[in-house]
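The values are calculated or read from the model by the stated rules, or taken from the named source; none is laboratory data. Because the structure is a prediction, the values reported are computed rather than measured. Quick reminder, even Gly has a Cβ in these numbers, built from the backbone with ideal geometry, and neighbours come from all protein chains shown.
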Amino acid sequence: MFRIEAEVDKARRDLLHSRLRDTNTAASPVLAALRGTPGAREVPLHVWALDENGGLAGGLVGHTWATWLHVTYLWVDAVHRGAGLGSRLLSRAEHIATTRSCTASRLETWDFQAPRFYQKQGYEVVCVIPDYPPGITEYTLTKRLC
């Protein structure tokens, strides 16, 4: 008999993540080969742009793992949009990722956000999920860094 629970539990989440990683590593020669290398763990990657008063003008939050950069968030304050700041943040993150031996980058964006911006930066659409969330289309894009 099992008891099913639905609650936020950081310790269980971390245990589940660890066990899933171990299972995946055991099943995949590529992931097994990564074990013990610098690329085997997620390493945070953050790039910030501050305005002349030290306020947040934009930023990028992501991580590197297994020779990939994963861009989680990229945001530029409305007053600074159109001036190339987003391109500079993304370029800086890609450069840092290459110093960590990354050869590719991936990200997700919605149709009302920036799919065309990323395509101008050399990203290609590899997945389209319509109606996620309802009424919106999500795109997954990738780019070769080397």
Checklist entry - Which is assigned by TED's automatic domain parsing to the domain that holds residue 139, more than 21 Å from the chain's Cα centre (by Cα), more than 26 Å from residue 137 (Cα to Cα) and surrounded by 11 or more Cβ atoms within 10 Å (Cβ to Cβ), of 45, 56, 50? => result 50
Checklist entry - In the range 102-118, is there at least one residue being more than 21 Å from residue 45 (Cβ to Cβ) and in a helix (DSSP H, G or I)? => result yes
Checklist entry - Could we say that residue 106 is in contact with a Pro (Cβ under 9 Å, 6 or more places away or on another chain), basic (Lys, Arg) and within 28 Å of residue 17 (Cβ to Cβ) here? => result no
Checklist entry - Somewhere in the range 32-47, is a residue acidic (Asp, Glu), at pLDDT 90 or above and in a loop (DSSP other than H, G, I, E, B)? => result no
Item to check | The listed residue being more than 25 Å from residue 129 (Cβ to Cβ) and free of Cβ contacts under 8 Å to residues at least 12 places away in the same chain, out of 58, 54 | outcome: 54
Next on the checklist: When you check residue 98 against the structure, is it of a type in the set (S, T, N, Q) and part of a strand (DSSP E or B), yes or no?
Outcome noted: no
Checklist entry - Which members of the range 51-79 meet the condition of being touching a strand residue (DSSP E or B) at 6+ places or on another chain (Cβ under 6 Å), farther than 20 Å from residue 115 by Cβ and not in a loop (DSSP other than H, G, I, E, B)? => result 57, 63, 64
Checklist entry - What about residue 71, is it β-branched (Val, Ile, Thr), more than 14 Å from the chain's Cα centre (by Cα) and either within 28 Å of residue 124 (Cα to Cα) or not assigned by TED's automatic domain parsing to the domain that holds residue 129 (or both)? => result no
Item to check | Qualifying residues in the range 80-121 (those that are among the β-branched types (Val, Ile, Thr) and in contact (Cβ under 8 Å) with a residue 12 or more places away in the chain) - the one surrounded by the fewest Cβ atoms within 10 Å (Cβ to Cβ) | outcome: 103
